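Colleague: One structure, pasted below without further comment.
The values are calculated or read from the model by the stated rules, or taken from the named source; none is laboratory data. Note that the structure is a prediction, hence the values are computed from the model and not measured. Every residue, glycine among them, receives a Cβ derived from its backbone with ideal geometry; neighbour counts consider all protein chains shown. All accessible areas refer to the heavy atoms of the entire protein, side chains included, with ligands and DNA or RNA removed. Shrake-Rupley method; radii C 1.70, N 1.55, O 1.52, S 1.80 Å.
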Amino acid sequence: MHSKVVIIGSGPAGHTAALYLSRATLKPVMFEGFLANGFAAGGQLTTTTEVENYPGFPEGIMGSVMMDKFREQSIKFGTIVYTETISKIDISTRPFKLWRENKEDQEPDTADALIIATGAAAKRLNLPGEDKYWQKGISACAVCDGAVPIFRNKPLAVIGGGDSAAEESLFLTKYASHVYVLVRRDKLRASKVMANRLLTNPKVTVLWNTEAIECKGNGELLNSLVIKNNQTKEIKELSVNGLFYAIGHTPATNLVKGKLDLDEDGYILTKPDSTCTDIEGVFAAGDVKDKKYRQAITSAGSGCMAALECERWLSEHFDE
């Protein structure tokens with residue numbers, strides 16, 4: 001099957017790109033993936049409960065419901081969606097070649113242009129009780145979830161010692177009664193400025209040389225962490241109603257390693273103020289290229305950029 005443009009990924013970036021391209025009558029094909037990167041089609045938002053910071057939903061909306069609406073709109077305007085994962089690509093020659101998972105011995109699909117929107121996954125510690133209370137008091141995005149009612153005026157914990165952990169902890173002080181920052185070493189990796197802000201905030205307590213070893217709750221919501229001092233070996237319980245991971249993300253770029261330029265953390269590098277990669281005709285959008293903002297709305301915005309740049313590139317290189 002040959003397509004003018006194929007989109008790999010099905011989060012806000014992928015579906016926004018699909019919407020713009022389909023309205024431009026380019027008949028995009030989307031491979032939304034089947035549990036690609038460990039997520040259902042729709043990406044990280046399918047694991048989120050209520051989304052309150054996406055414009056147009058004043059009452060909030062469940063993450064999975066929002067992604068269903070994205071998908072419905074993409075299809076309405078003509079996007080062809082396959083619930084399959086692309087396992088291998090060849091972008092060294094044109095047209096680009098793509099192989100579907102478990103069909104690598106068959107003829108590949110081909111495309112004139114490609115949009116990579118495979119996202120990123122928050123790093124987790126896989127603690128006992130973590131799965132049970134994921135999105136029931138445990139999150140990997142303070143900006144996304146910190147203001148929801150279950151966290152307001154409650155003690156919260158953040159795991160991490162870098163700039164992201166410091167920023168998210170300070171953000172949470174707007175809503176929490178207190179924020180405990182669990183740092184497994186005796187110093188922060190955060191910049192001097194961020195570390196100073198964190199350490200001088202009266203609503204923050206940094207617990208040095210401390211690791212979480214278990215998440216506990218009442219069966220419905222998280223209400224405490226079992227923590228361990230890795231120097232004294234002391235174990236105790238910390239009463240908190242929320243736990244936020246700030247230990248980084250892993251971009252889903254295994255598909256393009258060795259094929260596209262990546263940064264030291266594995267994110268796709270694009271040209272400044274652009275979604276263009278180092279290979280002409282290949283564009284990247286969303287969290288797979290964005291390690292700074294990682295929001296649904298910014299992902300959607302970069303999906304729009306990718307579609308507009310892709311449409312322009314196709315018009316310049318391929319006759320109708």
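Colleague: Confirm whether Thr16 is among the β-branched types (Val, Ile, Thr), modelled with pLDDT of 90 or more and open to solvent by less than 40 Å² (accessible area, probe 1.4 Å).
Modeller: yes
Colleague: So which of Ser239, Ser191 is in contact with a Pro (Cβ under 8 Å, 6 or more places away or on another chain) and either under 14 Å from Gly160 (Cβ atoms) or open to solvent by 30 Å² or more (accessible area, probe 1.4 Å) (or both)?
Modeller: Residue meeting the stated conditions: Ser239.
Colleague: Could you identify the single residue in Ile227, Ile247, Ile235 that is without any contact (Cβ under 8 Å) to a residue 24 or more places away in the chain, within 30 Å of Asn153 (Cα to Cα) and hydrophobic (A, V, I, L, M, F, W, C)?
Modeller: Ile235
Colleague: Looking only at region 1-27, which residues are assigned to a helix (DSSP H, G or I) and not hydrophobic (A, V, I, L, M, F, W, C)?
Modeller: Pro12, Gly14, His15, Thr16, Tyr20, Ser22, Arg23
Colleague: Could you identify the single residue in Ile247, Ile213 that is β-branched (Val, Ile, Thr), outside any strand (DSSP E or B) and within 26 Å of the chain's Cα centre (by Cα)?
Modeller: Step by step, each of Ile247, Ile213 is checked, and only Ile247 is β-branched (Val, Ile, Thr), outside any strand (DSSP E or B) and within 26 Å of the chain's Cα centre (by Cα).
Colleague: From the set of residues in region 63-74 that are hydrophobic (A, V, I, L, M, F, W, C) and within 15 Å of Ala13 (Cα to Cα), which is most open to solvent (accessible area, probe 1.4 Å)?
Modeller: Among those that are hydrophobic (A, V, I, L, M, F, W, C) and within 15 Å of Ala13 (Cα to Cα), it is Phe70.
Colleague: Give region 250-277 a look and list any residue that's charged (D, E, K, R) and either in a strand (DSSP E or B) or surrounded by 13 or more Cβ atoms within 10 Å (Cβ to Cβ) (or both), or say none.
Modeller: Lys259
Colleague: Just to check your reading of the model, which residue among Tyr133, Tyr175 is open to solvent by 20 Å² or more (accessible area, probe 1.4 Å), among the hydroxyl-bearing types (Ser, Thr, Tyr) and under 24 Å from Ala296 (Cα atoms)?
Modeller: Among Tyr133, Tyr175, only Tyr175 is open to solvent by 20 Å² or more (accessible area, probe 1.4 Å), among the hydroxyl-bearing types (Ser, Thr, Tyr) and under 24 Å from Ala296 (Cα atoms).
Colleague: Condition (residue is open to solvent by 50 Å² or more (accessible area, probe 1.4 Å), charged (D, E, K, R), under 28 Å from Thr232 (Cα atoms) and within 23 Å of the chain's Cα centre (by Cα)) applied to region 155-165: is it met by at least one residue?
Modeller: For region 155-165, residues open to solvent by 50 Å² or more (accessible area, probe 1.4 Å), charged (D, E, K, R), under 28 Å from Thr232 (Cα atoms) and within 23 Å of the chain's Cα centre (by Cα): present.
Colleague: May I pose another question? For region 57-76, state whether one or more residues are closer than 21 Å to Lys257 by Cα and at pLDDT 90 or above.
Modeller: Checked against the condition, which is being closer than 21 Å to Lys257 by Cα and at pLDDT 90 or above, region 57-76 yields no hits at all.
Colleague: Go through (1) closer than 25 Å to Ala122 by Cα; (2) open to solvent by less than 60 Å² (accessible area, probe 1.4 Å) for Gly281 and report which single condition fails.
Modeller: (1)
Colleague: Looking at (1) open to solvent by 90 Å² or more (accessible area, probe 1.4 Å); (2) farther than 17 Å from Leu225 by Cα, which one does Arg184 not meet, given that it meets all the others?
Modeller: Exception for Arg184: condition (2).
A quick yes/no check of all residues on (1) at pLDDT 95 or above; (2) closer than 17 Å to Val5 by Cβ:
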{"position": "Ile235", "(1), (2)": "yes, no"}
{"position": "Val256", "(1), (2)": "yes, yes"}
{"position": "Thr275", "(1), (2)": "yes, yes"}
{"position": "Gly286", "(1), (2)": "yes, yes"}
{"position": "Lys292", "(1), (2)": "no, no"}
{"position": "Gly303", "(1), (2)": "yes, yes"}
{"position": "Cys310", "(1), (2)": "yes, yes"}
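Colleague: If you go through region 279-319, how many residues are in a helix (DSSP H, G or I) and more than 18 Å from Val143 (Cα to Cα)?
Modeller: So the count comes out to 17.
Colleague: Listed residues Gly286, Gly303; which is surrounded by 15 or more Cβ atoms within 10 Å (Cβ to Cβ), under 24 Å from the mean Cα position of the chain (by Cα), at positive phi and in contact (Cβ under 8 Å) with a residue 12 or more places away in the chain?
Modeller: None of the others qualify; the one that does is Gly286.
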